[in-house]
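> First the structure, then my questions, so here it is.
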Amino acid sequence: MNLLVVPFHDWRKISQEGFRTRDAHFIEAFKKKSSITQIIINRPTTVLEIFLKRMGQPIQGAVIHSQNNFKLYQIEPQVYVIDYVSGDVFGQIFKGHAWFIQHYENPRYTAFIKECLLKLKVEEYHLLNQNIFAAKLSKNLKPITSIFDAWDNFTKFEVYKKYHKNILEAYAEYARICDFWITNSKDNTESFSIQFKPKNIFLIKNGVEVSRFTKEKTFTIPDDIKDIPRPIIGFGGKISHLIDVDLLNRTMEKTPNVSFVFVGQILDKAIYKSINKVENFYYVGDKHYDDYPNYVKSFDVGIVPYVIDKNKTSGANTIKVYEYLAANKKVVGTHGNGLEDLQDYVYIVSTADEFSEELNKANNEKLSLNFEEHTWDSKVTELLKLIQSA
C-alpha cells in the first residue's frame, strides 16, 4: 500500500523532539508495517523559521530528487519525505498561519509532489491528512481514498483565533472532499458530525508505545529532578490554554507537602506566567521524547489539571494519560478530555479540595489498563482496516 501522510508538525521538529505527537506516532507506527510505502508531505517552511525554531539540523536521508526549493528525501527503504523550503520569508512573517494555507495550495508544490510520485513509480495511493491548514492540498491530489484526521478541535484554540474563518473553511473543505474522517475523542465525533457533517467519521483514540514507559524497563532518575523532595506530582505535556490555572494554583496552595514537577514545551507564555511559582513548583523544561519516559517513571502521581468548560476544551484525548498508565502511575485528572472513558483506571476530580485530597493518598485502587487495544500499532491497524473497507 502506498500512503501519503501530511503531518501537522514539521519533519525537522519531529526528528528534533522525538516522535511524541499523534501525527508523529502514526508515522512511526506505519514504519513498522512492511506492506506500507510511506511518503510524508512536509509542512512548507522558510530558512528563517528553521533558524528561529532551532530546527537547523538537516533532514537525515538521501536527496533523490530536487527542483529549486523542493526536495525528495529517502529516509528509510520505504519512507520518503517531500520537503518545501520557500524563499518567501517576509510573507511568512506578515501572514502568520495563513501563509501555510497559501503555500500548501502552491501549484508548484502540488506539481512537485506529483513528479515525485512518478519518480517513485507510485500510481495509486491513499492520503491521510492530519493538518488543518492543508485542505487545499488534499483537494488538489487524486488519491484512491482521502482521509482527514480531525484530532482536537482547532476552532477552540485561542492561539488560532485570528484564523477562525480559515479553519472553518478548512473543516468544510475536508467534509466535502474526504471519504471519511477519523478523530480522537467522542466529543469531537459528536461536535464535528453536527457542525461539518463529514461523509463518515470514526473514533480512533490516542495510544501509547508501552515499551517506552513500562517500569520493568531499566531507567535512571534524571539529574534535574533527583533531588526534588518526594512525593513528585508530575505533569508531562505542553503548557497551553488547556491547563486550568486557577484549579492548579489552588491545588498547589492546598498541598504544600508535595512537589509539582512540570515537563514539557511552553506553548502559551501567558498561561505559564499565571501559574503561581510557589516553593513546591518545579518547571524543568522541554525534553526529547527519548528522555521523557525517565521523567514519567520518576513521578509518584501523574496529573491532568485541564479545564472542563466546554467552550475552552478542544475535544482532547490526552496522550499523557496513556503514558502515565503505561508507567503504572496513579493518575488524577479533571472531567472531560477523554478521561471519562478511563474512569476505571484514573481518579477524576472537580475541585481543588478533591484534587489535593487525592494527591495526599498514596494508594492507587484503580484497575490496571489492558494496553492491547491502546498501542499506536493497534490504532494504525484500525485505520488500515477502514481504508481497506472504504
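> Among the residues of the range 112-121, is there at least one that is surrounded by fewer than 20 Cβ atoms within 10 Å (Cβ to Cβ), in contact with a helix residue (DSSP H, G or I) (Cβ under 7 Å, 6 or more places away or on another chain) and not assigned by TED's automatic domain parsing to the domain that holds residue 341?
For the range 112-121, residues surrounded by fewer than 20 Cβ atoms within 10 Å (Cβ to Cβ), in contact with a helix residue (DSSP H, G or I) (Cβ under 7 Å, 6 or more places away or on another chain) and not assigned by TED's automatic domain parsing to the domain that holds residue 341: absent.
> List the pairs whose first member sits in the range 108-128 and is of a type in the set (Asp, Glu), whose second member is not in a helix (DSSP H, G or I), and whose Cβ atoms are under 6 Å apart, counting only residues at least 6 apart or on separate chains?
Listed by first residue and then by second, the contacts come to 124/144.
> Filter the range 23-62 down to residues that are aliphatic (A, V, I, L, M) and under 15 Å from the mean Cα position of the chain (by Cα), then give me how many there are.
The total comes to 3.
> So, one more: One residue is enough: does the range 74-90 have a residue meeting the conditions within 30 Å of residue 185 (Cβ to Cβ), acidic (Asp, Glu) and in contact with a Lys or Arg (Cβ under 7 Å, 6 or more places away or on another chain)?
No.
> Look at residue 20 and say whether it is over 12 Å from the mean Cα position of the chain (by Cα) and either crowded, with 21+ Cβ neighbours inside 10 Å or of a type outside the set (Phe, Trp, Tyr) (or both).
no
> Tell me yes or no: at least one residue of the range 337-344 is crowded, with 21+ Cβ neighbours inside 10 Å, more than 22 Å from residue 370 (Cα to Cα), touching a residue at least 24 places away in the same chain (Cβ under 8 Å) and touching a Gly at 6+ places or on another chain (Cβ under 8 Å).
no
> Report, by residue number, each residue of the range 156-174 that is out of contact with any Ser or Thr (no Cβ under 8 Å at 6 or more places or on another chain) and either among the charged types (D, E, K, R) or crowded, with 20+ Cβ neighbours inside 10 Å (or both).
158, 161, 162, 163, 165, 169, 170 - these are the residues of the range 156-174 that are out of contact with any Ser or Thr (no Cβ under 8 Å at 6 or more places or on another chain) and either among the charged types (D, E, K, R) or crowded, with 20+ Cβ neighbours inside 10 Å (or both).
> Can you name the residue in the range 259-309 that is assigned to a loop (DSSP other than H, G, I, E, B) and basic (Lys, Arg) and, of all such residues, is nearest to residue 244 (Cα to Cα)?
277
> Show me the strands (runs of 3 or more DSSP E) entirely contained within the range 35-77 in which 2 or more residues are over 18 Å from residue 5 (Cβ atoms).
62-67
> Can you name the number of the only condition in (1) more than 24 Å from the chain's Cα centre (by Cα); (2) without any contact (Cβ under 8 Å) to a residue 40 or more places away in the chain; (3) buried (at least 18 other Cβ atoms within 10 Å of the Cβ) that residue 366 fails?
(3)
> Going through the range 310-336 one residue at a time, which ones are at pLDDT 90 or above and assigned to a loop (DSSP other than H, G, I, E, B)?
Those that are at pLDDT 90 or above and assigned to a loop (DSSP other than H, G, I, E, B): 327, 328, 329.
> Step by step: first the residues of the range 66-86, then only those that are modelled with pLDDT of 95 or more and surrounded by fewer than 12 Cβ atoms within 10 Å (Cβ to Cβ), then the one that is nearest to residue 28 (Cα to Cα). Which residue is that?
Restricting to residues being modelled with pLDDT of 95 or more and surrounded by fewer than 12 Cβ atoms within 10 Å (Cβ to Cβ), the top hit is 76.
> Moving on. Can you give me the ranges of the helices (runs of 4 or more DSSP H) entirely in the range 104-222 with at least 2 residues that are of a type in the set (Phe, Trp, Tyr)?
107-119, 164-177
The values are calculated or read from the model by the stated rules, or taken from the named source; none is laboratory data. The shown structure was predicted, so the numbers you read here are calculated from the model rather than taken from an experiment. When we count neighbours, we look across all protein chains shown, and the Cβ atoms used for this are built from the backbone with ideal geometry, even at glycine.
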